[in-house]
1. Yes or no: region B:542-562 includes at least one residue that is more than 30 Å from B:D229 (Cβ to Cβ), open to solvent by 50 Å² or more (accessible area, probe 1.4 Å) and touching a strand residue (DSSP E or B) at 6+ places or on another chain (Cβ under 9 Å).
2. Could we say that A:F159 is in a helix (DSSP H, G or I), more than 9 Å from chain B (Cβ to nearest Cβ) and open to solvent by less than 50 Å² (accessible area, probe 1.4 Å) here?
3. Between a residue in region B:344-370 that is buried (at least 20 other Cβ atoms within 10 Å of the Cβ) and any residue that is not in a helix (DSSP H, G or I), which pairs come within a Cβ distance under 8 Å, given they are 6 or more apart or on different chains?
4. Check B:A23 against each of (1) touching a Gly at 6+ places or on another chain (Cβ under 8 Å); (2) assigned to a helix (DSSP H, G or I); (3) at pLDDT 80 or above and name the one condition it does not meet.
5. Among B:I323, B:I319, which is surrounded by 20 or more Cβ atoms within 10 Å (Cβ to Cβ) and in contact (Cβ under 8 Å) with a residue 40 or more places away in the chain?
6. Yes or no: A:L198 modelled with pLDDT of 90 or more, within 30 Å of B:S2 (Cβ to Cβ), open to solvent by less than 70 Å² (accessible area, probe 1.4 Å) and not aromatic (F, W, Y)?
7. For A:K164, state whether it is more than 9 Å from chain B (Cβ to nearest Cβ) and not hydrophobic (A, V, I, L, M, F, W, C).
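The values are calculated or read from the model by the stated rules, or taken from the named source; none is laboratory data. Computed from a predicted model, the values in this text were never measured in an experiment. Quick reminder, even Gly has a Cβ in these numbers, built from the backbone with ideal geometry, and neighbours come from all protein chains shown. In case anyone asks, the SASA skips ligands and DNA or RNA and just uses the protein heavy atoms, side chains included. Shrake-Rupley method; radii C 1.70, N 1.55, O 1.52, S 1.80 Å.
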Amino acid sequence: MTSNTAIKVTNLTHTVTSNTGNLTILKGINMEIKESESVAIVGSSGSGKSTLLGLLAGLDVNTSGDILVYDQPFSGQSEEKRALIRGEHVGFVFQSFHLLPSLQAIENVMLPAELKGDKDARVKAEALLEKVGLSHRLTHYPRQLSGGEQQRVAIARAFASNPKILFADEPTGNLDEENGKLIIQLLFDLNRSQGTTLVMVTHDNELAKMCDRQLVMSAGQLTEKSL
Amino acid sequence: MSFTFRLMLRDLRSGDLLTLLLALIISVSTVTSIGLFIDRLQLSFEKESATLLAADRLVRSDDEISKDWVTKATDLNLQYAERTSFTTMMFANDALQLSQLSAVTDAYPLRGRFLVDDSLFGTGYNTIDIPQPGEVWVSSRLASLLNVDIGDQVEVGDTSLTIAKLLVRDPGSSTSAFAISPRAVMNMADVAATNVIIPGSRVRYSLLLAGDKAALDEYENWVTPQFNDSQRWRTPVQRGERIGDTIGRAESFLLLAGTLAVVMAGVAMALASARFVKRHLMQVAILKTLGATPKLLGKVFFQQLAVLFIVGSVLGLAIGWGIQEVIASILSGLMSTGLPEPSVIRLWLGAATGLISMLVFCLPLMSHLIKISPLSVLQPNARVELNSALIYVVGFMGIYGLMCIYTNGFLLPTIMTIAIAGIALFVAGIGWLAFKLGRSLTSGATSGWQIGLASLYRRLVPNLFQLLVFTLIIMLTLILIGIKSNLIADWQQQLPEDAPNHYLFNVQANQIESINSATDALNVPRSDWYPMVRGRVVSVNNESVQDLYPDERGEPELYERELNLTWSDTIGQGNTLVSGNFSAEGLSVEQEAAKEANLTLGDELSINIGGNLVTLPITSIRTVDWGSMQPNFYLILPRSVLQDYPANFVSSLFIDETSAQPFYKSMAQFPTVSILNVGDVLRQIQTIIGQLSKAIQLVLFCILSAGALVLLASVRSTLEERLEEGALLRVLGAKSALVRQALLVEFGALGFFAGLIAALGAEACLLGLQVFVFNSAPSFHPSLWLFGPAIGIGVITSIGLLASRKVLNVPPMHLLRDL
C-alpha cells in the first residue's frame, strides 16, 4: 500500500446467518481509496452498500479477506482495538442523524473530543457549530432542532475528532432538497478544507456525481463506474 | 470533572438515570424502614412482655437458688434480683387469712413497676421502691379480710410487719391458680425471722435476670444443663403465652410484609434497569462509532453504577430511617413502654438490598449494553443479543438470596418462590387465552374497543409480563389486607373489650344468690355458675392408671392430677361438640386431652370422687376455646352423677375500673371466696394488640405505596410503544377520544384480568396461611372477588392514563420527534 492510501480492501467476503441459511452479502471485494479522495458507493436497496460501509468503518467484522485503514488491519481485531482505530481516524454521518437525545447540541459535538480526553472540547465544538451555522443553537436538544439542523450538528460532531476518513450513510436521505443541498455543501467544504477522505453511501445520483469516484454495488460485487 | 461524571450529570437531566436512582432509593428506603420498624416493634414487644415477668429472663426453682448462679450472673454483667414466694397464714388482731407472700430483694422488679396506693381499693400509682425491712405491702382485699389498714401490724410466722402501702399490682404476679389467695409483698431481709420456710414448705424461688441478650443466652446455655426436675428457664414469651402467640403471628405478618417489600423492591429495580438499558442501547452504539472502547464504556458504566449505589443507598437509608421515625412517632402515644431506639446495625439490610439489586439487575444488563454492536447505528433493527435466561436466573437468585437474608431462613422464600412461579405459569396461560379471545372477537380498527383489545394480543409478551406484575402486586395487596383483617378480627374476637377479667372460686351454693345480687347491683357482667367437684381418674377401660404409667413417665394431664369436674345441661359458651351426644348419660371430654390420653367415644373412665368410684363411658368429645376466659373443664359429667356431691362454684366476671372498688368492698363480706384478677394481663395483651393493629396498618400502607410505584415503573417500561402508537393513530386522523378509549380498554382489560386472577390467588393463599401459618379456621372472602377486579381496573387504568397522558395532550409531531 502506498503512503497516500487511506483504505485498502482485498478479497473481502461477508456472510451472515439468517433463518433460511447462510447468506453471502459481499463476494470477494477488492478496492483502494486514496487519501482526501471522495468516493460514492451506489447501488440498489439490499445490494450490500451499508454492510460494506460498516465493515470499512470497523463497525462489524468481515468473514474473510483484509481491510487496512492507514496500514492498520481491521480484520481479526478485537472490538477494543477497532474502537481505538475508529476514534483515531474515523468520523460518521448517518441518515437518521443519531444524535444523543439527552445531550444538547454542543454536548453532542464535544463527545468525540471528550472521549479522547481533549480539554478544549467545548471551544472546538463551539467553533465547529459556528462553522455549520448553528452558533445560536448550542444549548438546544436534538428534539428542538429541525432535521437539517440535526444533520448539521451531526456533521460538526463528525469533524470534531479531526477524522482522516469520514463515512456518510445516506446523509441527505431524511432531508428535503434545500436542506440536502446545504448539507452536501457543508460536507464537501469540510472535506476539502480538512483534507478528509470521504466515503459515502447514497441513492442520490446528483450527490454521487459530485464525488471523485463512484463505486457501484450490485449483488454483493463492486464495480467502478466510469465518469 | 471526569467524562463519567459529565455524562452522568447529562443523563440525570434526561430522567432515565433518575428513574433508576428513584427505584434504588425506593428499594432501599422501603426495606430499611420496614426492617428498622419491625426491629423496634420486636424490641418493644420483648420489653412489654418482660414487664409480665418482671425480668428479661427468669429461673424458677423449688429449691433455693444456688450462690454460683448469682455469681455467674454478676460475672456476665447481668442485673439480677431474687423473689421467694410462699403461701402462709397472716394474722392481725383476731383475724387470720391464708395469703400469697412474695419476698423480694432491692433490685426487684427488673422490668415493670409496682403499682401501689395509700388508700383501700385505690387505682394505684407507680413506684420503683420495694417494702423496707420491717414493712409489708398487702393487697386491699387482704387488708379488708384482716380488717387492717396502713400503719397496722400483721404477723407473719414469728415476726411482725407494718403495713406501709396497699399493693395494687406486682409486675411479676402470677396468674396461675397458685395465686388465688390474697397477696402481699415483703422485703427479703425479713424472711429468715419469720421462720415460716421450713423443709417441705411449698416455696417457689425465682432468680430474675435482665441485660444484654448475648449475655442472657450465654447464661441460659450455662445454667439449664444444671437444672433438676423442678427448675425451669422462663422467657417473657413463654410467660405470657397468649402474648407470645399474638406477637408470633404479628411477627409472621411483618416478616411476610417485609419479604414482599424486598420482592417489590427487586421488581422495581429490574424494571428500571431494563428501561435504562433499552433507552441507552443506541447511545452506546453511537459512542462506539465515535471511538469509545468497550473498556472505556465498562469503566464509565461501572463508575456510574458505583456513584448511583452510593447516592441511592445513602438517600434510601436516610429516607427509610425518616419514614420509620414518622411511623414510630405516630405510634408513640400508643406504646405504654415507649418504642426502643432501632439498632443502627439493622441498616445493613437496606444497604445490602441496594447492593444486591444493583449487582443482579443492573450489572448483567449493563454488561450486555456494552456488548451492543456499533453496527446497530446502520441497521436500526439489529437487536442486542441479551442472554435473557441468564439475566433472569441471576435476578431470581438475587431476590431469593435477599429474601433468605431477610427472613433468616429458606422456608418462606421457597414457598413464595414456588407460589409465584405457579402463578406466573397460570397467568401466562390464562392471559394468552384471554388476549387471543379478545383479538378474535375484534376485527378491524374502527373503535377504541377493537384497537384496545387488539393491542393486548399484539404486544403479547410485554403485556403478559405486565399482567403478571399487576396480578402479583394486586394479589399481595389482597393477601396483606386479608391477613391484616383476619389477624385483627381474630385478636379482637379472642379478647373482646369486656372479656372476663376476674374469676370467683370457692363459692358455696348458699352464697350464690347474695353474690349475684351484689354484682347485679353493680351491673357487672358475669358468666354462668359452674359447680366444681374434685375428682381423679384412676382407671381406663378397667386398667388402672398406675399400671398404665408405673413411673408416671408420659402420663397424660387428664390422669396426673386431681381434676375439677362439673356438670352442665347445655354444652356452654366457648365449647363446640366434635363427636358424640352431649346430653347422653356419660362423660364429655375435651378434644386435646382425649387425644393426649388416646381416648375415643365408648372408652370407660373410672373416677374417684370423694372416695366413691364412678365409672362412665365417654359419650361426647368437644373442643374448648381456652382463650374465651370462661370457666372451662376437661371433663363434664351428667348432672345425675355429680349433683349429690358437695360442690363449690366458679364464675367469671368483667369488672371495669369504676366498679372495681365497690366490687372488692362488697366481696369483703365473703371472706372464704377466692378472687383471681387477670385484668392486668388482659389489659397488657389488649394494649399490645392495639399497637400491633396500628403498626400492621402502617406497614401495609408502606408496602402498598411501594407496590403502586412498581406498577408505575411497569407501565412506564412499555410507554414508548404506546406513545408511538397513539401518536401514529392521531396522525392518521384518530380523535383523542378514540385513542383514550383504546388506552382505557387496554389498561382496563389488563387490570380486570389481573384483579380477577389475583383474587383467585389471594383466596387460595389466605386459606393456606389461615390453616398452616396462623392456625385459625379457614374462611371464604367474597370481598376479595369484588376488590380484586375493582382495584385492578381503577388503579391500573388511572396509572396507565396518567403515564400515557402525553399521547393525548402533546401534538403528535412532538411525540414522533421525541421517540
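1. Among the residues of region B:542-562, at least one is more than 30 Å from B:D229 (Cβ to Cβ), open to solvent by 50 Å² or more (accessible area, probe 1.4 Å) and touching a strand residue (DSSP E or B) at 6+ places or on another chain (Cβ under 9 Å), which makes the answer yes.
2. When the stated conditions are applied, A:F159 passes them.
3. B:L365/B:L386; B:L369/B:V384
4. That leaves (1) as the condition not met.
5. B:I323
6. Spelling it out, it is not the case that A:L198 is modelled with pLDDT of 90 or more, within 30 Å of B:S2 (Cβ to Cβ), open to solvent by less than 70 Å² (accessible area, probe 1.4 Å) and not aromatic (F, W, Y).
7. On the way: more than 9 Å from chain B (Cβ to nearest Cβ): yes; not hydrophobic (A, V, I, L, M, F, W, C): yes.
Here the answer is yes, as A:K164 does meet what is asked.
So that you can scan it fast, the table gives a plain yes or no per residue for (1) hydroxyl-bearing (S, T, Y); (2) under 16 Å from the mean Cα position of the chain (by Cα); (3) in a strand (DSSP E or B); (4) more than 8 Å from chain B (Cβ to nearest Cβ):
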site: A:L53; (1), (2), (3), (4): no, yes, no, no
site: A:L59; (1), (2), (3), (4): no, yes, no, no
site: A:N62; (1), (2), (3), (4): no, no, no, yes
site: A:G65; (1), (2), (3), (4): no, no, yes, yes
site: A:S75; (1), (2), (3), (4): yes, no, no, yes
site: A:A83; (1), (2), (3), (4): no, yes, no, no
site: A:E88; (1), (2), (3), (4): no, yes, no, no
site: A:G91; (1), (2), (3), (4): no, yes, yes, yes
